[in-house]
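A.B. asks: Below you'll find the structure I mean.
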Amino acid sequence: MNTSASTVGKLCEFIKIELKGQYPDLEISSLTDIIISHLFEIPKHEIHIKKEKPVSDSDRIRFIHIVNELKRGKPVQYILGYTEFYGLRMHVTPEVLIPRPETEELIKWIIDDCFRESVSVLDIGTGSGCIAIALKKYLKKSTVHGCDISLSALKIAHENATLNGTEVLFYRLDIGEPESNSTEIKLLYDVMVSNPPYIPLNEKSSININVSDFEPGIALFVPDEDPLVFYRHIANFGLDHLKNNGKIYFEIHEKIGPSVKRLLEEKGYRNVTIRRDINGKDRMIKCSKNE
């Protein structure tokens, strides 16, 4: 690339050439818009009319660094340090998962169910805090807590709550041994929500490297011989820490809906409902605690 004659348009062409064959064309176009908008504060819908905007050497070097990181498979959200989730900006690092669109659908389900109420909510395995923070933002009268086993994740969740002007209490909790390391769990909640690890280890080799090599495995994978381990732990926890008629909302692997439904029913939960995402896949489940 000619250092003395770089423009926004030339950077757009450069990234297309460098990523060709590694990413689908539509994804390259999306990545280009994200990066150009980030570096030059150009609204995405105006990039096509700003192609002749000159680019300094320092910005060109930053751009090439980002492209090289993408070529390694590193997610653009980790490269830039943030992502958008449910209309909110969230700081993300490799210590936390990158929020997915299907998780936004889970959020909407809860908001639609609870928007007229003042509820107490616990987000289990909160990670970046995106679920807890979005719920607090849109269920303003509700009390929202988030817990995680990772102190690094909890630090990021605190930062995101501050960034988005929300009051969310975060605390450390090992859901496998919940009584051993937190005092807050004496509380009873109206709603529990979780996007727990649910990908069997035997599927790791089939996952894109930008997920398997960069996102935290502790938040993704479960043993092949016990893929429902976290659903079972959370269901047990809910029996002690949900109010009567309290509800649990889960994100699930598309292949395990019936298995999770059966587990919840065996634990005594009622009104167990599986919901499909926008792509027609079983990706969410909801249940109620018996009185």
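Every number in this text was worked out from the coordinates using simple rules, so none of it is lab data. Everything numeric in this text was worked out from a predicted model, so none of it was measured. Positions of Cβ are backbone-derived with ideal geometry, glycine not excepted, and every protein chain shown enters the neighbour counts.
A.B. asks: Enumerate by residue number the GluC sites (Glu not before Pro) in the stretch 179-283 meeting two conditions: DSSP loop (anything except H, G, I, E, B), and at most 13 other Cβ atoms within 10 Å of the site's Cβ.
C.D. replies: 225
A.B. asks: OK, next. Can you tell me the FRET efficiency between residue 51 and residue 27 if r is taken as the Cβ-Cβ distance and R0 is 30 Å, rounded to the nearest 0.05?
C.D. replies: Computed FRET efficiency for residue 51 and residue 27: 0.90.
A.B. asks: Scan (1) 223; (2) 137; (3) 115 for the value of volume of the Cα convex hull per residue in Å³ calculated from this model and give just the label.
C.D. replies: From the options (1) 223; (2) 137; (3) 115, the structure gives (2).
A.B. asks: If the elastic network links every pair of Cα atoms under 10 Å, which of 28, 79, 274 fluctuates the most in the Gaussian network model of the chain?
C.D. replies: In this elastic network of the chain, the residue with the biggest mean-square fluctuation among 28, 79, 274 is 28.
A.B. asks: Now for a separate question. Would you work out which of 188, 207, 14 lies farthest towards the positive end of the dipole of the chain? Charges go on Cβ: Lys and Arg +1, Asp and Glu -1.
C.D. replies: Checking the options against the dipole of the chain, the answer is 14.
A.B. asks: Okay, next question. Compute the relative contact order of the stretch 3-70 as a whole-number percentage, counting only Cα pairs closer than 8 Å that sit 6 or more residues apart in sequence.
C.D. replies: 50
A.B. asks: Among DSSP beta bridges lying fully in the chain, give the percent that are antiparallel, nearest 5. Before the final figure, lay out the partial values.
C.D. replies: On the way: 15 of 36 bridges.
Given both bridge residues lie in the chain, the antiparallel proportion sits at roughly 40 percent.
A.B. asks: Estimate the FRET efficiency between residue 243 and residue 208 by the formula 1/(1 + (r/R0)^6), using the beta-carbon distance for r and 30 Å for R0, to the nearest 0.05.
C.D. replies: 0.15
A.B. asks: Among 280, 165, 257, which one shows the highest mean-square fluctuation when the chain is modelled as a Gaussian network with alpha-carbon springs under 10 Å?
C.D. replies: Looking only at 280, 165, 257, the biggest GNM fluctuation is shown by 280.
A.B. asks: Please report how far the C-alpha centroid of the stretch 110-178 lies from that of the stretch 1-67, rounded to the nearest whole angstrom.
C.D. replies: Cα centroid of the stretch 110-178 versus Cα centroid of the stretch 1-67: 36 Å apart.
A.B. asks: In straight Cα distance, which lysines are under 27 Å from residue 53, not counting same-chain residues fewer than 8 positions off?
C.D. replies: Within reach: 10, 16, 20, 44, 71.
A.B. asks: Using Cα pairs closer than 8 Å and at least 6 residues apart in sequence, work out the relative contact order for the chain, in percent.
C.D. replies: 13
A.B. asks: Subtract the Cα-Cα distance of residue 177 and residue 226 from 0.36 nm times their separation in residues, and report this length gain in nm to one decimal.
C.D. replies: 16.0 nm
A.B. asks: What spacing in nm lies between the two simple spin-label points modelled at residue 254 and residue 276, each 7 Å away from Cα in the Cβ direction?
C.D. replies: It is 1.1 nm.
A.B. asks: Could you name the lysines whose alpha carbon sits less than 21 Å from that of residue 243, not counting residues in the same chain fewer than 8 places away?
C.D. replies: Leaving aside lysines fewer than 8 places away in the same chain, those within reach of residue 243 are 136, 140, 141, 186, 261, 267, 286, 289.
A.B. asks: To continue, here is another question. Rounded to the nearest 20 debye, what is the charge dipole size of the stretch 178-273 about its Cα centre when +1 sits on each Lys and Arg Cβ and -1 on each Asp and Glu Cβ?
C.D. replies: Charge dipole of the stretch 178-273: 420 debye, to the nearest 20.
A.B. asks: In a Gaussian network model over the chain where Cα atoms closer than 10 Å are linked, find which of 85, 170, 40 has the largest mean-square fluctuation.
C.D. replies: Of the options given, 40 has the highest mean-square fluctuation.
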